[in-house]
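S.K.: I have a structure here, written as structure tokens, and I will follow up with some questions on it.
The values are calculated or read from the model by the stated rules, or taken from the named source; none is laboratory data. Just so it is clear, the structure is predicted and the values come from calculations on it, not from any experiment. Cβ coordinates were reconstructed from backbone atoms using ideal geometry, including for glycine residues, and neighbour counts include every protein chain displayed.
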Ligand code: NDP
């Protein structure tokens, strides 16, 4: 049984996607008909790798497949799905031949398919590790969605499997490919307002009021990696790390559940505090019960913030001295940028922008966030 719940975030993203047009970032090819049929696989040149999408759910359907219509260095070549009823529409819409269609049972056959160089895993979180291992063992590069895995041990195993098979592993932190986020990352290095004294990173939304407790979507089930921390908390955590330019040395976390009939064994809201070696403290939060979307750095000589900092488009930045900056792309430009960056790294044999190791650094902290919350908010040193 697959998740069919349409979250508020999904609705907002769909609305944003239908919004006013804006210039595509450079390096992303304009598709003649982004919403319609894809350029057939056979006509793509050597400078474009074939990608198989794994798990044809919301993200693959509404962001990744449309994103692959905008990319220059990769194209949608295949699909992996457990839902046979989805296959005809995907084949028709994207020109995917029978030989490039797989189920989870026969995924390993992909090893013999020269049309596909990379697989993009967009399934529930508990499947990220097993599918990564199978794709890597089949000799395919792996692009895996966030959170990388269920814990750091799984993340480590994924890195090792990709390393052993000499394939790249990248994690779908789309924001790290966005120019607005990259400007923030540069500020972490250049410190235009002096040292950061205080950091706040919050990512969450309100959803699931209409869910039947007897038929919960996977994001509310612990065995699939449900809960706000895995889903949205990694945005706040990742942002605290890239904004500070440091790794946390201690973590304190506290979870909060209001809708107890829905959130059993998974967190509805998580507050977590990250301490860094230079004394900086980041106050972070994530939630499936509250709207939050702010990243703010208070520094010695001013402040800067992004709000929102983690939408599919419309990222907005401002500073204490009146500067403003915003993303100019329209969804799914982030996904297109991310996939083109990752495809180029494969084609050129260079290190990817967001490798598995970056996902692993987050998973190590996620493990400690959950451990601290379970221990009633105990401060845990990493
Ligand atoms: P959906 O529930 O919409 O889709 C997941 C798909 O996975 C399903 O449609 C199904 O595809 C497949 N699947 C395989 N096994 C199961 C199972 N037991 N239960 C449910 N689905 C199953 O999820 P999303 O697309 O929203 O999220 C997928 C992944 O992408 C998650 O890891 C999520 O964190 C990440 N994500 C990342 C975003 C980003 O901005 N980077 C945004 C949204 C999601 P099929 O029927 O084809 O087998």
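S.K.: Only one residue in 239, 253, 277, 282 is farther than 30 Å from residue 130 by Cα and in contact with a helix residue (DSSP H, G or I) (Cβ under 9 Å, 6 or more places away or on another chain). Which one?
M.R.: Result of the check over 239, 253, 277, 282: 282.
S.K.: Tell me yes or no: at least one residue of segment 357-380 is free of Cβ contacts under 8 Å to residues at least 60 places away in the same chain and either closer than 19 Å to residue 120 by Cα or in the same structural domain as residue 143 (by TED's automatic domain parsing) (or both).
M.R.: no
S.K.: Now for a separate question. What strands (runs of 3 or more DSSP E), lying completely within segment 252-333, carry at least 3 residues that are closer than 26 Å to residue 220 by Cβ?
M.R.: Strands (runs of 3 or more DSSP E) meeting the threshold: 269-276, 281-287, 289-299.
S.K.: Still on this structure, please answer the following. Just a yes or no: is a residue in segment 217-225 in the same structural domain as residue 308 (by TED's automatic domain parsing), within 16 Å of the ligand (Cβ to nearest atom), within 14 Å of the chain's Cα centre (by Cα) and in a helix (DSSP H, G or I)?
M.R.: There is no residue in segment 217-225 that is in the same structural domain as residue 308 (by TED's automatic domain parsing), within 16 Å of the ligand (Cβ to nearest atom), within 14 Å of the chain's Cα centre (by Cα) and in a helix (DSSP H, G or I).
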